[in-house]
Amino acid sequence: MGKYRLFGQCIEFSDAAERFYDMKYRAWCAISSASNDFENWYQKCGDIVTVLNGYENKAKELIIYYANKPLFSELTDLEIYDISEDSYDRKCLEFLESSLALDTVTEKYEDIVKEQRAKEEYRAERKANRGRVVGGGFGVGGALKGMATAGAMNAVTGAGHGLVNAVGNAGSALAAASSKRALYNNSMTLNILKEGIREDILNCFHSHMQLLNERKTCYIENVFDSNKATAFFENAKKVVEKQKELLIHSFENCPWSEDLLSFIFINYKTERKNIWNIGLRFHVDLHEVAEEVFAASYTLDAKESEEIAKVVRADILSQMKDFGMDESETLTRIEIDGLNRIVELYDVLTDDAEKQSLFDAVKKYDASQSNKATVVHNKGIWELAKEYSVKFSSEEIECILSKIYSLNAQESEEEARKAKSKMLKVMETLGVTESNTFDKLEKDCIQRLCLDYENADEKTCNEMIGKIEAYNALEKNKTPFIQKIRERIESIWSKEDGEIFDNLYMNTDIHNPDEIKEIIEIIQQKGRTSSSQKYVSALSACSEENIQKALKFQRKGTKIYKYIGLIAIALGFILWIADLGIILALAVAAIGIVLLSYYHNLKKVWALLTFDGTLIHKMLSINEKE
């Protein structure tokens, strides 16, 4: 016997009534699982032909697995030993509704394909095989009995008529399906076939309850009336002076009504624990309703006042304990809001003592560790990260460090040093070895050591390098600056050496190999940069042959080699295209290539000896020769 307390009264349901509800709930779960399983199968079929060919077996499989087999297996637990599986199937297993559903959809399919003869033969065969299982029937003992999923609950009390209604409502929808694909995609097709399975499952449960009552007098009894329950409930909301009495009557007729239990839970705080326990018994999940109640109690005043928030929090915790709830979004919000009030000034506090006071307040605050960790993470409080096992992403760490590297630190060397020291502490605490923000700080500091190095002389550049090398910073951050300053020094050397080597080159007798050799040795010894190599290359190339080539390149008639060469190559191409003789075309083109190569060779020698025409030795000047 089930006993429940509501508004100070004890409401009892007989064991038979309790068993009725339990059977009702089992039917609901079976329908739900079978419906979902069927929907998955339907989608996998992919077309209406596959569905129609496989529906009969699939329907039997689901009905047997979710209703017939588990119901039969419990007979021995109820000390009913004289019913065989075949006898049970004859009494409690039928496929009439699923067969009707299949016939309905098949008729539409046959209308589409216009195979009247096949339609009549198929119907005759279906009628011959449709109906109850007789004897071995469908071989229930060895048949497939398995799979699961979704449905409705309020029809276990008698044979279902849902399929009749579904078929009636589906007429126009199926009529609109003018193709096989449209018939398959039409949601009404799926609903009709699914409803047939659901109705047969309901019939199994209904027949099973009748069988149990035949063997055990009044074993299952339906004392409930959902229509009465609805009437009592609606009137209870209107007649306030009799509300409790009417709510009790509503409960007596339908104790699993979610609307009823939610209404009492929301409006009668003292009854919440009783209602919660009733909900657990009748499988009504009240977690969302409880959360709504908690959220409503967290008023604007509570959000603005820590004292009021504490009272609300304590009340929610007390109720959660009564309900056996482990967590609540509202409780989380209250705790996080309270912690946020504590850490609100974290980013602007500079005094260590004030910050420590803030950290102590966080630790002492009555809130869960997970909520404290959330606030520490969201606020970027790196000092408490280890204590609350908070992990920051690389982007979040950069954000924390960027707050430390303030505008003052970017403009003041002294402030930069303080910021750097703090950054190093943060990085050590968070287990970080590299940071773009830290690198920027060091580079900014190094930059101040070598301002205007582009215009500095050699001595100043060397002093800058010394300061950078002595500066306490990562080598990877110092190296680019040292390299740039060294490039500046090399440019100074190149300019100085260039002036000296220009004079040496211009005053060298390029017809005298011994003098050339001597000058090359001087340049190689004195040269401080790679730019000296061009003088060595030019002097090394000063042979009589190359001198004559350089002189010849400057003569007015030399360019004729270039033009004749280009014309000859073009003419050879034209001769080849015009098919006027491939040998002639190749010969003309070859002459052009030779002339063009000769011209470019002269130009190359001239460019080498005159540094691309920027420094022309007097002995290479055609005017001097003339």
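Could you order peptides 274-283, 562-571, 520-529, 248-257 by the average number of other Cβ atoms within 10 Å of their residues, highest first? Each step should come with its number before you reach the end.
Details: 274-283: 18.6, 562-571: 15.8, 520-529: 14.2, 248-257: 21.1.
Peptide ranking by packing, descending: 248-257, 274-283, 562-571, 520-529.
Using +1 on the beta carbon of Lys and Arg, -1 on that of Asp and Glu, and nothing else charged, what's the dipole of the chain about the Cα centre, debye to 20? It would help to have the intermediate numbers written out before the result.
Values: 80 positive and 99 negative charges, 345 e Å.
That gives the chain a dipole magnitude of about 1660 debye.
As I understand it, the value is the acute angle between the Cα axis of helix 458-470 and the longest principal axis of the Cα atoms of the chain; what does it come to in degrees, rounded to 10?
Relative to the chain, helix 458-470 is tipped by roughly 30 degrees.
Going down the table (Lys386/Lys425; Lys3/Lys238; Lys24/Lys216; Lys364/Lys420; Lys3/Lys273; Lys440/Lys467), which pairs top 23 Å between alpha carbons? Spell out each step's value before the answer.
Working: Lys386/Lys425 13 Å; Lys3/Lys238 28 Å; Lys24/Lys216 18 Å; Lys364/Lys420 31 Å; Lys3/Lys273 15 Å; Lys440/Lys467 18 Å.
Over 23 Å apart, Cα to Cα: Lys3/Lys238; Lys364/Lys420.
If I fit a long axis through the Cα atoms of helix 15-45 and take the longest principal axis of the Cα atoms of the chain, what angle between them do I get, 0 to 90°, rounded to 10?
Around 40 degrees separate the two axes.
Quick one: if the Förster radius is 60 Å, what FRET efficiency do Leu474 and Phe611 give, using the C-beta to C-beta distance and rounding to 0.05?
Working: r = 42 Å, r/R0 = 0.70.
Efficiency at R0 = 60 Å is approximately 0.90.
Return the distance in nm (one decimal) between the two label points of a simple spin-label model at Asp15 and Ser421, each offset 7 Å from Cα along Cα→Cβ.
A separation of 8.2 nm, rounded to one decimal place.
Tell me which residues come under 5 Å, amide H to amide H, from Glu94 once H is placed; ignore anything under 5 positions away on its chain.
Amide H neighbours of Glu94, under 5 Å, 5+ apart: none.
Set the Förster radius R0 to 41 Å, insert the Cβ-Cβ distance between Asn222 and Thr50 as r into 1/(1 + (r/R0)^6), and round the FRET efficiency to 0.05. Present the calculation step by step, with values, prior to reporting the outcome.
On the way: r = 41 Å, r/R0 = 0.99.
Plugging the Cβ-Cβ distance into 1/(1 + (r/R0)^6) gives 0.50.
Going by average Cβ density within 10 Å per residue, which order do the peptides 384-392, 28-36, 576-584 take, highest to lowest?
Ranked from most to least packed, the peptides come out as 28-36, 384-392, 576-584.
How large is ³J(HN,Hα) for each residue in segment 435-452, as worked out from phi by the Karplus curve 6.51 cos²θ - 1.76 cosθ + 1.60 (θ = phi - 60°), to whole Hz, x for Gly and Pro?
These are the phi-based 3J(HN,Hα) values: 7, 5, 5, 4, 4, 5, 4, 5, 5, 5, 5, 5, 4, 5, 7, 9, 5, 6 Hz.
At Asn462 and Glu344, where each label point lies 7 Å from the Cα along Cα→Cβ, what is the point-to-point distance in nanometres?
Computed distance between label sites Asn462 and Glu344 equals 6.2 nm.
Around Ile11, which amide H atoms from residues at least 5 apart in sequence, or from another chain, sit under 5 Å from its own amide H, with H modelled in the peptide plane?
So Ile11 has HN proximity to Tyr4, Arg5, Leu6.
Among 95-103, 5-13, 430-438, how do they line up from the highest to the lowest mean number of other beta-carbon atoms within 10 Å? Intermediate results must be reported in sequence, preceding the final value.
Numbers: 95-103: 21.9, 5-13: 14.0, 430-438: 15.6.
The most tightly packed comes first, giving 95-103, 430-438, 5-13.
Suppose the chain between Leu566 and Lys440 were pulled fully straight at 0.36 nm per residue; how much longer would it get relative to their current alpha carbon spacing?
Numbers: separation 126, 0.36 × 126 = 45.36 nm, distance 5.69 nm.
Stretched fully, the Leu566-Lys440 segment lengthens by 39.7 nm.
Rounded to the nearest 0.05, what FRET efficiency do Lys273 and Glu39 give with R0 = 35 Å and r taken as the Cβ-Cβ distance? Could you check?
Numbers: r = 39 Å, r/R0 = 1.10.
Efficiency, from the Cβ-Cβ distance: 0.35.
Relative to the first principal axis of the alpha-carbon coordinates of the chain, what is the inclination of helix 48-63, with its axis defined by its Cα atoms, in degrees from 0 to 90 and to the nearest 10?
Orientation of helix 48-63: about 50 degrees from the principal axis.
With θ set to phi - 60°, apply the Karplus curve 6.51 cos²θ - 1.76 cosθ + 1.60 along segment 245-260 and write out the HN-Hα couplings as whole Hz, x wherever there is a Gly or Pro.
4, 5, 5, 5, 4, 4, 5, 4, 8, 7, x, 9, 5, 5, 4, 5
For Glu214 paired with Asn408, estimate the spin-label separation in nm (one decimal), with each label point 7 Å from Cα along the Cα-to-Cβ line.
Rounded to a tenth, the inter-label distance reads 9.3 nm.
Note the full-extension length gain between Ser540 and Asn507 as 0.36 nm times their separation in residues minus their Cα-Cα distance, in nm to one decimal.
Numbers: separation 33, 0.36 × 33 = 11.88 nm, distance 1.53 nm.
Fully extending the segment from Ser540 to Asn507 adds 10.3 nm.
Where does the charge balance sit around Met1 when Lys and Arg score +1, Asp and Glu -1, over other residues with C-beta under 9 Å from its C-beta? Let's see the in-between values first.
Details: positive: Lys3; negative: Glu12, Asp15, Glu18.
That sum, taken over residues with Cβ under 9 Å, equals -2.
Cβ under 13 Å from Cys254's Cβ, Cys254 left aside: what net charge do those residues give with Lys, Arg +1 and Asp, Glu -1? Before the final figure, lay out the partial values.
Values: positive: Lys24, Lys228; negative: Asp225, Glu234, Glu252, Glu258, Asp259.
Spelling it out: positives minus negatives among the neighbours equals -3.
May I ask you to compute the full-extension gain from Lys363 to Asp452, defined as 0.36 nm times their residue separation minus their alpha-carbon distance, rounded to one decimal in nm?
Numbers: separation 89, 0.36 × 89 = 32.04 nm, distance 5.15 nm.
Length gained between Lys363 and Asp452: 26.9 nm.
Readers should treat all values here as calculations from the given coordinates under stated rules, not as data from a laboratory. All figures in this text were calculated on a predicted structure; none of them were measured in a lab. Using ideal geometry, Cβ is built from the backbone for each residue, glycine included, and neighbour counts are taken over all protein chains shown.
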